Structures are given as structure tokens and as C-alpha cells.
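Participant: I have a structure I would like to understand better, so I am pasting it below and will then ask my questions one at a time.
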Amino acid sequence: ALTIGIVGLPNVGKSTMFNALTKNNVLAANYPFATIEPNVGVVPLPDPRLKVLAGVFGSERILPATVSFVDIAGIVRGASEGEGLGNKFLANIRESDAICQVIRAFNDDDVVHVDGKVSPASDIETINTELILADLQTLERAIPRLEKEVKGKKTDKAILDNALAAQKVLEAGDTLFARGEAAGVDLAAIKELFLLTTKPFLYVFNVDEDQLTDTELQSSLQELVAPADAIFLNAKLEMDLAELDEEEAAELLESVGVTEAGLEQLAHKGFHTLGLQTYLTAGPKESRAWTIRTGWTAPQAAGVIHTDFERGFIKAEVVSYDDLVATGSMQKAKEAGKVRIEGKDYVMNDGDVVEFRFNV
Ligand code: GDP
């Protein structure tokens, strides 16, 4: 499964946020929800469409798509030097599909900041510097090897050229995710080097409660991290929300002037950052959202349900969620000509409600 690694300096609220992630009452009550390992939180992606579908089909249960978060402890200045926690830290990041940085913006004299002051910009720089240094080390080892291989015609020269171009970006202090493509680096060509800063980044700013509605502050923080996505939440508030039922949680959110809980935003943005989307299946047993990559075809999507479905794929009966709900039932959608028969080249759309036909 795809995972998002959570990183950040000490004392920024990572544990608080992660505890909220794994103890969320509202999500746990409405969705099947699990913690596989102590440092992994599987968070359901809230999807109001499933409730509606369950109504249309009389489904017994609802199964949402999920996003997995891994709590990666231990970033400190010097992590890239690979001592102690450093090594494990880098290995954990390497295994993640995206990087979620938690950054402290909240003010609290009782919570010590490792650098003595609250400064989101310099915290981001500290973390990015460690990741950039780790990538530079990887490249320092890889480039001489690639040079030899290119001479011996064992490796395509394009790989070496892109490795050198990536090195330039990193030496200028930029991550490959933020500036690689703009600098003309073909990130796909150097995939085999598993560089950390090519992973998609997502930022969580842990803000004071009254900053939750401070759009000016938020846009200045968003600017700091563009083109990455940013979320603004208060980790302590998320912890409180996690212990409430749905109605109480909604009331608490309203009282601080926010419409969507931070963790829900995190699940949505995380999904987007990973380049994922969902399609839906529905019947009397269950209404369910399935996770696929953007751009996948119908047989690939069928393969998520079962590998046999991909191999034996014949066709898909597809109706968009909106058309299905507008007509009121599958039967009526068919009568209205809204149900399409799609073949193996069909590219899935988010919100397609699908029934696959296949040979086994
Ligand atoms: P970690 O080291 O990044 O995992 O940070 P923790 O989650 O352990 O939090 C460090 C300290 O900051 C704890 O005392 C938390 O209670 C406190 N803390 C976490 N989030 C917030 C917040 O949003 N506001 C305030 N005022 N304190 C917070």
C-alpha cells in the first residue's frame, strides 16, 4: 500500500497529530479503521458519496478508501550524516511514497523549540537541508559509477546527464520535487537512484487555534512551500476532536470557525499528493471506494479488486456518480442511457460507479 511518511523537528506536535490520526472516534465509528503497526495509522478517506450510494443500493456496509501514514521519528540536524537514528530515519523516508512535514507555527512558551524560536521558514530549511544533503551523498556515489557505465555503454547517457542536472538543483539548495522539473531534470530517468527529494511533499502547519482562520498568515506560509500543498491545523484541537462523536466534533469545529477537521483535509490532500483517485462499486452487500492512480485504465482498476479481474477483463459498465444519483437507481440510469459499456482502453474518472464483466 502507498504510505505517507510524517517528519518534523522535535516538539512540533507530530506525536499529538499522529495520536489523533490513530484514535479518531468519528472515523472509527463510521469506517473500518485499523492501526497495523504502532507507527502506522491507516486513515479512511471521508467520502460522503458512499453514504448516498449505500442508500440507493441498500448496502449493508460502507468501505472507504484509505491513506496510510507512517510516523518517522528522529529528524535532527545532522540526520543525513547517518549516525544513530539518522540511518533508520533515512531508510524510513526512502520507503514512503510521499513526505509530510509537520511544521510548528503555534506559540507556546511552555513548549521548547529546538532552535529557541518559532520560525516555520527556518524549520523547513533545516529539514529540507538534511534531505538535500542525503540526496547529494547518493549522487556523489552514483555519478562516478554512472560515468563508468556510460563509457562501457552499459547505461544510457541520459541517466548520467539527468543525475548531473539533479545535482545542480540540490547544490543550489532546492528539492527536486519543488524545482527539478522546472530546471529540466527528467525525474523519471533517475528513478533508480531513489532520491528522497523527488518524492511529493505535503506540509502540515501546526498553528494556534486563532490562526486557523487567519487567511493572511496561511497564504504567507503556503507561499513558503509552493508548489507543495499545505494544511493548517491545531494538533491539540485534532486530539480533542478525535475523542468526540460526530455531532460534538462538528460543534467544536464550528466554534473555532472551521468547516473541515484538519485530519480530513490531511487525508484528502494526502490522496491528491500521491496522485490517487477513487472509483466506486455498489451493491446490497457494500458500497465501496477503491484506490487507483490517476490515469489508470478499466482493466488496471479491476485489478485492484482482484488480479484475476484484470487478466479476465471483458468490459466495464460505467455510470458517473452524479448521473446515478440524479436518476435515482441503476435501472433508471440504464433507461436514461447513462450507463456506458467501456472496453479495455477506457481511462477511469474519479467517481465512476462501475461493474466489471470478466472471465475467470
Ligand atoms: P513531537 O516531538 O513533534 O512529536 O511533539 P509532541 O506531539 O510530543 O508535542 C510537543 C509538545 O507540544 C507537547 O507538550 C504538546 O502538548 C505540545 N503541543 C502539540 N501541539 C500543540 C499545539 O497545537 N499547541 C500547543 N500550544 N502545544 C502543542
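Participant: Would you calculate a helix-derived [θ] at 222 nm for the chain, using -39,500 (n - 2.57) for each DSSP H run of n ≥ 4 and dividing by the full residue count, to the nearest 500? Display every interim value, and only then the final one.
Facilitator: Values: 15 runs with 154 residues, N = 360.
For the chain, the value works out to -12500 deg cm²/dmol.
Participant: Provide the gained length on full extension for the span Lys334 to Arg311, in nm with one decimal, where the gain is 0.36 nm per separating residue minus the Cα-Cα distance.
Facilitator: Gain on stretching Lys334 to Arg311: 5.6 nm.
Participant: Projecting each Cα onto the charge dipole of the chain (Lys/Arg +1, Asp/Glu -1 at the beta carbon, about the Cα centre), which of Ala158, Ala91, Leu221 comes out farthest on the positive side?
Facilitator: Ala158
Participant: Report the charge-dipole magnitude of the chain in Debye, nearest 20, computed about the Cα centre from +1 at each Lys and Arg Cβ and -1 at each Asp and Glu Cβ. Kindly include the intermediate steps, with their values, before the conclusion.
Facilitator: Numbers: 34 positive and 56 negative charges, 425 e Å.
Roughly 2040 debye for the chain.
Participant: Something else: Using label points projected 7 Å from each Cα along Cα→Cβ, tell me how many nm separate Val52 and Asn107, to one decimal.
Facilitator: So the label points at Val52 and Asn107 sit 4.3 nm apart.
Participant: Let me ask something else about it. Taking neighbour counts of Cβ atoms within 10 Å as a proxy for exposure, in what order, fewest first, do Thr307, Thr297 appear? It would help to have the intermediate numbers written out before the result.
Facilitator: Values: Thr307 10, Thr297 19.
Exposure proxy ranking, most exposed first: Thr307, Thr297.
Participant: Summing +1 for each Lys or Arg and -1 for each Asp or Glu, what net charge is found among the other residues whose Cβ lies under 12 Å from the Cβ of Met330? Don't skip to the end; give the middle numbers.
Facilitator: Working: positive: Lys332, Lys334, Lys338; negative: Glu317, Asp323, Glu335, Glu355.
With Lys, Arg at +1 and Asp, Glu at -1, the net is -1.
Participant: Sort Ser287, Ser220 by Cβ crowding within 10 Å, fewest neighbours at the top. Before the final figure, lay out each step's value.
Facilitator: Values: Ser287 27, Ser220 12.
Fewest-to-most ranking of Ser287, Ser220: Ser220, Ser287.
Participant: With the cut-off at 31 Å, tell me which of the pairs Lys88/Lys236; Lys285/Lys338; Lys199/Lys315; Lys51/Lys88; Lys14/Lys285 have Cα atoms farther apart than that.
Facilitator: Details: Lys88/Lys236 28 Å; Lys285/Lys338 23 Å; Lys199/Lys315 35 Å; Lys51/Lys88 41 Å; Lys14/Lys285 38 Å.
Beyond 31 Å: Lys199/Lys315; Lys51/Lys88; Lys14/Lys285.
Participant: Rounding to the nearest 20 debye, state how big the charge dipole of the stretch 295-358 is about its Cα centre with +1 on each Lys and Arg Cβ and -1 on each Asp and Glu Cβ. Write down the numbers at each step before the final one.
Facilitator: Working: 8 positive and 11 negative charges, 43 e Å.
Taking the Cα centre of the stretch 295-358 as origin, the dipole is about 200 debye.
Participant: Right, next: What share of the DSSP beta bridges in the chain is antiparallel, in percent to the nearest 5? Walk me through the numbers on the way to the answer.
Facilitator: Values: 23 of 46 bridges.
Beta bridges within the chain, antiparallel portion: roughly 50 percent.
Participant: Going highest first, how would you order 171-181, 99-109 by mean Cβ packing within 10 Å? Write out the running numbers ahead of the final one.
Facilitator: Details: 171-181: 16.8, 99-109: 19.8.
Output ranking for 171-181, 99-109: 99-109, 171-181.
Participant: Please compute the length gained on full extension between Leu224 and Leu2, using 0.36 nm multiplied by the number of residues separating them and subtracting their Cα-Cα distance.
Facilitator: On the way: separation 222, 0.36 × 222 = 79.92 nm, distance 2.65 nm.
Difference between extended and current length: 77.3 nm.
Participant: Calculate the FRET efficiency for Arg94 and Ala326 from the Cβ-Cβ distance with a Förster distance of 35 Å, rounded to the nearest 0.05.
Facilitator: After rounding, the FRET efficiency stands at 0.15.
Participant: May I pose another question? For a quick check: with amide H placed at 1.01 Å from N, whose amide H comes under 5 Å from Trp296's, ignoring anything fewer than 5 positions away on the same chain?
Facilitator: Under 5 Å from the amide H of Trp296 lie the amide H atoms of Met348, each far enough along the sequence or on another chain.
Participant: Further, regarding this structure: With a ≥ b ≥ c taken as the square roots of the eigenvalues of the C-alpha gyration tensor of the chain, please select rounded if a/c is under 1.5 and otherwise prolate if a/b is larger than b/c or oblate if it is not? Walk me through the numbers before you get to the answer.
Facilitator: Values: a/c = 2.31, a/b = 1.23, b/c = 1.87.
Verdict is oblate for the chain.
Participant: What does the extension gain come out to for Leu244 and Thr215, with contour length at 0.36 nm per residue minus their alpha carbon separation?
Facilitator: Values: separation 29, 0.36 × 29 = 10.44 nm, distance 2.67 nm.
Between Leu244 and Thr215, full extension yields an extra 7.8 nm.
Where a number appears in this text, it was derived from the coordinates with a stated rule and is not lab data. What you see is a predicted model, and the numbers here were worked out from it, not measured in a lab. Note that each Cβ is placed from the backbone with ideal geometry, even for glycine, and that neighbours are counted across all protein chains shown.
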